[in-house]
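K.L.:
First the structure, which I've put down as structure tokens, then a few questions once you've had a look.
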Amino acid sequence: MEAARWPLALVAVVGLFGGIWPLIWLMKRMGRTVARRPQAPVSASRYVLALATGVALMGVGAGALGLLVALEAWSGFTKKTHVAEIQCIELAPQKLRVYLVPIEPDGARGATETYDVAGDGFQVGGEILRFKNWMTALGVQSVWRLDRVEGRWLKADDANAHKGTAFDRGGGVGPGWLQLYKNGASGPFKYVVAGANGQMVSQLPDRRAVFDLYATPNGFILDKRSL
């Protein structure tokens with residue numbers, strides 16, 4: 001898709017600007033005729049050729065621009081930002097070790113973090129600030145923060161019977177996010193912000209797999225890939 005953007009943009013620019021000149025020439029000729037100003041005579045076929053060329057180029061340019069806008073909108077709604085790489089192994093029944101490698105915005109890998117949690121599986125998550133669809137179509141991406149790692153029990157009875165194991169990253173939920181929870185989609189922000197909320201995603205341990213955590217326009221997702 002990246003390879004298609006520049007050709008489409010070039011076709012759109014050439015088509016729109018190339019198509020407008022024949023139409024401007026026609027309008028000038030028409031203006032001189034209405035004003036009864038002298039001008040060199042041309043054949044009717046030249047008028048037809050100029051009109052057809054202008055309309056054709058404008059149509060091609062408008063079509064390329066429409067495809068480019070649709071491509072950008074589709075990319076905005078489907079874009080995934082790699083947040084972290086996670087591995088989870090079972091040390092003993094319901095005793096898990098989680099290795100988390102944060103991925104920086106430039107793609108650089110951060111230092112490996114280690115967490116020992118209790119449960120049938122693990123879950124990670126944090127905060128997501130989501131924008132309106134029209135903002136996403138313009139390329140504005142969700143704002144996220146990964147600040148929690150914890151164990152997860154599959155059954156509520158097990159969760160109630162055991163002490164939870166949870167770890168904050170970077171100080172946990174800050175006051176700024178609490179305000180976004182309460183007022184993020186109100187006042188003047190309601191026109192651009194769809195909502196702010198906390199979200200967790202979970203998986204089961206698998207020493208032969210790596211879990212890729214992504215942030216999307218709608219929240220976190222956790223993809224599994226085999227080693």
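K.L.:
Please work out if GLN141 is closer than 24 Å to GLU104 by Cα and modelled with pLDDT of 90 or more. First the steps, then the outcome.
P.N.:
Numbers: closer than 24 Å to GLU104 by Cα: yes; modelled with pLDDT of 90 or more: no.
No: the conditions fail for GLN141.
K.L.:
Mind telling me which of the residues GLY171, GLY195, GLY151, GLY219 ends up being modelled with pLDDT of 95 or more, of a type outside the set (A, V, I, L, M, F, W, C) and in the same structural domain as TYR99 (by TED's automatic domain parsing)? Please lay out each step first, then the result.
P.N.:
On the way: GLY171 fails: modelled with pLDDT of 95 or more; GLY195 fails: modelled with pLDDT of 95 or more; GLY219 fails: modelled with pLDDT of 95 or more.
The unique qualifying residue is GLY151.
K.L.:
Going by what's in this entry, would ARG5 be described as at pLDDT below 85, among the basic types (Lys, Arg) and under 30 Å from LYS79 (Cα atoms)?
P.N.:
Considered against the rule, which asks whether it is at pLDDT below 85, among the basic types (Lys, Arg) and under 30 Å from LYS79 (Cα atoms), ARG5 comes out as yes.
K.L.:
Of the residues that make up the range 94-110, is at least one modelled with pLDDT under 95, in contact with a Gly (Cβ under 8 Å, 6 or more places away or on another chain) and farther than 30 Å from ALA194 by Cβ?
P.N.:
yes
K.L.:
Return the pair list, or none, for Cβ contacts closer than 8 Å from residues in the range 212-227 that are closer than 17 Å to LYS132 by Cβ to residues that are in a strand (DSSP E or B) and basic (Lys, Arg), at least 6 apart or on different chains.
P.N.:
From the range 212-227, the pairs are PRO217/ARG130; ASN218/ARG130; GLY219/ARG130.
K.L.:
OK, next. Within the range 199-208, is there a residue that is at pLDDT below 95, among the polar types (S, T, N, Q) and in contact with a Gly (Cβ under 8 Å, 6 or more places away or on another chain)?
P.N.:
Yes: the range 199-208 contains one or more residues that are at pLDDT below 95, among the polar types (S, T, N, Q) and in contact with a Gly (Cβ under 8 Å, 6 or more places away or on another chain).
K.L.:
Now for a separate question. Restricting to the range 214-227, what's the tally of residues that are farther than 20 Å from VAL140 by Cα and in a strand (DSSP E or B)? Full working, then the answer.
P.N.:
Let us first name the residues in the range 214-227 that are farther than 20 Å from VAL140 by Cα, namely 222-227.
Okay, now just the ones that are also in a strand (DSSP E or B), so 222-226.
Count: 5.
The values are calculated or read from the model by the stated rules, or taken from the named source; none is laboratory data. Computed from a predicted structure; not experimentally measured. No Cβ is skipped: glycine too gets one built from the backbone with ideal geometry, and neighbour counts run over all protein chains shown.
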